[in-house]
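**Student:** Can you read through this structure? Questions will come right after.
Please treat every number below as a calculation from the coordinates, not as lab data. None of the values given here were measured: they were computed from a predicted structure. Heads up, the Cβs are rebuilt from the backbone with ideal geometry, glycines too, and the neighbour counts pull from every protein chain shown.
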C-alpha cells in the first residue's frame, strides 16, 4: 500500500472568486481506503470532483499515476481509470441493466462482454433479478446499489464515493460497505470515501482525514485519528462537537 | 354546415380519385415541409442542445432572440426571403424566387427557432447532475450530450412536431416566396386560399381536411418516436 496513486500539491479551487479548497499536500496510496470527513461545505465533494478530473483546479495540481492535472484535461484513458458514486445518483430513464452497461458501452466493449459483466455486477449488489426493471421504479437504496454496480462494472483503479449511503436504511448501508471493502481487498481498488458519518469512516477506512473550511486539518491511520487525534479540531469533530 | 358536409364528401372523393394535380400539391407540400424541417432540425437540435447545456456571456440575449423567433410572423419572414431572392436582392442571381427552394428557405427560418427553442427547454429539464455523472463513468462530452438528448427525447420530438406543424400549415411566406404557381409551387395551404377566393368552399374544405389528415398522420409517427415513456 506504499505506492502513491495520487499526489496533490498546492491544490486550490475557487467558485465565483470564493476559495472553496486549499490543500497544500495530500498523498493517496494505491489500494487504500481513505475516508475524508468533515462538515457540509468543507470542500469534500469539490476534492472528489478534482480527483475524478471533472473540473479544473484554480491553482496547484493533482498527479494521478503519471498524469498531472494542472489546467490540461488528462487523456480519456486516464480519466476512465477513475469513477465516482455520487450522493444524489441520477439514473438514465432506461432499464437497470442499461444503466449499469453505460460505462462499458461508451468504452466500445462488445455486447457479449457487456451482458456478462452487467449480470455479474448486478448479482454483486443483489439486484440480479431486477435487470430489466425500469430504473425510475427503484427505491433510494436500490438506486445507490445500481450506482455502485455501474461504477464497479468498469473495473476502476480508483473508486470515489461521495456520501454514497447518506439517507439509506441500515440494510443498504451494510450491503454497500461490505461490497466496497470486498472490492478494495480483492482487487486493490483505491477508495476515497467522503462522508460526514464518522462511524462509517471508522468501519471502512485505513486512513482518515479531516477537511474543514477547505483545508486539511489532520490525516492519520484511522485508529490513531479517532483515538489519539493531534489537532483539537479533530478531537472536537470526532466527539461530535460543533467545529464551525 | 352544408358546405362542411359537402367538403367532407368531396375530400373522400378527391382522395380516392387519385387526381394527379391533387397529389402533386400534396407531394409538394410534404416536400417543402420535409426539406425545411430536415435542415432546421440539423441546425436547431445542436444549437438547442448547446444552449441548454452550456453557460456563456450573452446566453440570455440569444435565448430572448430565439423566443422572439418562435413568435415571428411568418409573412414577415416570407417578405424577408422574397427580398433576398428577388432579382435585385443579394441572392437574386440564384433564381430561387418562385421555386420550392425559396419556399423551403422561408419555412426553414420559420421552423428553426421552434426546433431549437423546444430542444433547449427539453435539455434544460434533464437533471443537470446527469452530465457530470456520465462523464464520471467515462463518457466523452459528445457521448454525454447524446445521452442527455436521448433522455430529453419526448421534448425533442415535440420540437419537431411544433416545427412541422408551423411549416405545413403556413401560407403567407409560401405565397410570397412561391407565388402559388399551379403545378410548380402550389401547396395545400395556398390552394385553399385560392379555392376560397374563387368561392369553391367545398373544395377548399376538402383540401383543409386532407391537410389535417396529413398533419395527424405525421404527428402519429412522431409520437411513436417518443417511445413508450411518453404514454405512461
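**Student:** For the protein assembly as shown, what does the helix formula give at 222 nm: sum of -39500 (n - 2.57) over DSSP H segments with n ≥ 4, over the residue count, nearest 500 deg cm²/dmol?
**Tutor:** Mean residue ellipticity, 222 nm, calculated: -17500 deg cm²/dmol.
**Student:** Before anything else, pin down the relative contact order of chain B: Cα pairs under 8 Å, at least 6 apart, normalised by residue count, whole percent.
**Tutor:** 31 percent
**Student:** Take each of the peptides A:111-117, B:71-77, B:154-160, average the number of other beta-carbon atoms within 10 Å over its residues, and list them starting from the highest.
**Tutor:** Most protected by this proxy first, the peptides run B:154-160, B:71-77, A:111-117.
**Student:** Kindly work out what percent of the DSSP beta bridges joining two residues of region A:140-244 are antiparallel, to the nearest 5.
**Tutor:** In region A:140-244, approximately 55 percent of DSSP beta bridges are antiparallel ones.
**Student:** Tell me, how many Å apart are the Cα centres for region A:1-71 and for region B:168-232?
**Tutor:** 60 Å
**Student:** Go ahead and set up a Gaussian network model of chain A, Cα springs under 10 Å, then flag whichever of A:17, A:128, A:43 fluctuates most.
**Tutor:** In this elastic network of chain A, the residue with the biggest mean-square fluctuation among A:17, A:128, A:43 is A:17.
**Student:** Okay, next question. Within the protein assembly as shown, what percent of beta bridges assigned by DSSP are antiparallel, to the nearest 5?
**Tutor:** Within the protein assembly as shown, antiparallel bridges account for around 60 percent of the total.
**Student:** Could you order peptides B:109-118, B:198-207, B:55-64, B:212-221 by the average number of other Cβ atoms within 10 Å of their residues, highest first?
**Tutor:** Per-residue mean Cβ counts within 10 Å order the peptides as B:109-118, B:198-207, B:212-221, B:55-64.
**Student:** Stokes-Einstein diffusion coefficient for the protein assembly as shown at 10 °C in a medium of 1.306 mPa s, Rh from the Kirkwood formula over Cα pairs: what value in µm²/s?
**Tutor:** 60 µm²/s
**Student:** Same structure again: Given the Cα-Cα distance of residue A:196 and residue A:139 and 0.36 nm per residue of separation, how much length would full extension add, in nm?
**Tutor:** Fully extending the segment from residue A:196 to residue A:139 adds 18.3 nm.
**Student:** Plugging the Kirkwood radius over Cα pairs into Stokes-Einstein for chain B, at a temperature of 10 °C and a viscosity of 1.306 mPa s, what D comes out in µm²/s?
**Tutor:** Rounded, D is 82 µm²/s.
**Student:** While we're on this one: Provide a whole-number value for the mean count of partner chain Cβ atoms within 10 Å of the Cβ atoms in peptide B:144-157.
**Tutor:** For this peptide, the per-residue mean of nearby foreign Cβ atoms is 1.
**Student:** Once you've got the GNM for chain A with C-alpha springs shorter than 10 Å, pick whichever of A:188, A:139, A:40 has the biggest mean-square fluctuation.
**Tutor:** Result: A:139 has the largest fluctuation of those listed.
**Student:** By how many nm would the segment from residue A:223 to residue A:88 grow when fully extended, if each residue of separation counts as 0.36 nm and the alpha-carbon distance is taken off?
**Tutor:** Fully extending the segment from residue A:223 to residue A:88 adds 45.6 nm.
**Student:** Where is the GNM fluctuation largest for chain B (alpha-carbon springs, 10 angstrom cutoff): B:91, B:66, B:51?
**Tutor:** With Cα springs under 10 Å in chain B, the top fluctuation among B:91, B:66, B:51 is at B:91.
**Student:** Based on alpha-carbon positions alone, could you give the equivalent ellipsoid semi-axes of region A:4-239 from the gyration tensor, as √(5λ), descending, whole Å?
**Tutor:** Here the semi-axes work out to 30, 21, 16 Å.
**Student:** Also, quick follow-up: Counting DSSP beta bridges with both partners in chain A, what percentage is antiparallel, nearest 5?
**Tutor:** Percent antiparallel among DSSP bridges in chain A is about 60.
**Student:** Still on this structure: Shielding by partners for A:90-103, please: the mean number of other protein chain Cβ atoms within 10 Å of each residue's Cβ.
**Tutor:** 3
**Student:** Just need the relative contact order of chain A here, percent rounded to a whole number, with Cα pairs under 8 Å and 6+ apart.
**Tutor:** Once divided by the residue count of chain A, the mean separation gives 26 percent.
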